[in-house]
Every structure is written in structure tokens, then in C-alpha cells.
1. Pick from 78, 21, 31: which is most flexible by mean-square fluctuation in a GNM of the chain where alpha carbon atoms under 10 Å apart are linked?
2. Residue by residue, what Karplus-based ³J(HN,Hα) values in Hz, rounded to whole numbers, does the range 75-83 have, using 6.51, -1.76 and 1.60 with θ = phi - 60° and x for Gly and Pro?
3. Just to compare against my own numbers: the Cα pair-distance distribution for the range 2-103, 5 Å bins, whole % per bin, please.
4. Which listed residue (42, 18, 3) has the Cα farthest towards the positive end of the charge dipole for the chain, taking +1 on Lys and Arg C-beta and -1 on Asp and Glu C-beta about the Cα centre?
5. Treat every Asp and Glu Cβ in the chain as -1 and every Lys and Arg Cβ as +1, leave all other atoms uncharged, and give the resulting dipole magnitude about the Cα centre to the nearest 20 debye.
6. Most mobile of 40, 53, 28 per a Gaussian network model of the chain (Cα springs, under 10 Å)?
7. Report ³J(HN,Hα) in whole Hz for each residue of the range 42-56, in order, from the Karplus equation J = 6.51 cos²θ - 1.76 cosθ + 1.60 where θ = phi - 60°; Gly and Pro get x.
Amino acid sequence: MTFYVKQNDTSPAMLATLQDADGNAVDISGASVRFHMRTIGGSAVKTDQAAVIVDAELGEVRYNWSASDTDTIGSYQAEFEVTYADASIETFPNDGYIRVEIIDDIT
């Protein structure tokens, strides 16, 4: 999956359905979710912020961009990190990353 957003835009939000290895939605009831993003090949984290749980039983989450998230054009890797009620942690997707492309705007 590749998500495109123009430099300095804060909309649209990134929406995702968190799924297990079989493609089934993961119930994240009682959990908290964070969104992480870094440049591809980089180690410095650009974004580490809370995400919104849209529908916990269906594993639906949303990340609302802030201006500092999209201020630099480039290619990024992103993921959602879930901390369950029992303090266990699971990251989605667990077989790679969501690719985020921040592209230059005209002005």
C-alpha cells in the first residue's frame, strides 16, 4: 500500500484496517495505537504520535496528519503500533511497512 500526500497538507487522514497474517481484522478493543513514520533507509523517527481508533472490533484506525509530519518531501515507511490492555505490543503491518510518499506542492 502506498499513501500519497502533498507537502504541508494535513488531509486526507490515513485510514487503515489492522489485519492478522490471514487477512482477518484484529479486534483492538481496550488497546491504544501509535503511528510511526521514518524516511526509507533512515533510522530517525519523524513521527511518533497517537492514532485514533475508529472501530475497535473491526481493527479500523486513523492517523490525522500534523503540519510537521508532511513538511519534508520524500519516501517514508510507516506502521501502526498497538498496545493491548495486557501490555503486549503488536505492529501492523507485521510483514513490512506502509509506504508514504510526500510529494512537492506547486506553491
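Bear in mind that the values in this text are calculations on the coordinates, not laboratory data. Just so it is clear, the structure is predicted and the values come from calculations on it, not from any experiment. For neighbour counting, all protein chains shown are included, and Cβ atoms are generated from backbone atoms with ideal geometry for every residue, glycine included.
1. With Cα springs under 10 Å in the chain, the top fluctuation among 78, 21, 31 is at 21.
2. 10, 10, 10, 9, 7, 10, 10, 9, 10
3. Values per bin, smallest distances first: 3, 13, 24, 25, 18, 11, 5, 0.
4. After comparing all options, I get 42.
5. Details: 6 positive and 18 negative charges, 77 e Å.
Computed charge dipole of the chain: roughly 360 debye.
6. Of 40, 53, 28, the most mobile in the Gaussian network model is 40.
7. x, 10, 6, 7, 7, 9, 8, 9, 5, 9, 9, 8, 7, 9, 4
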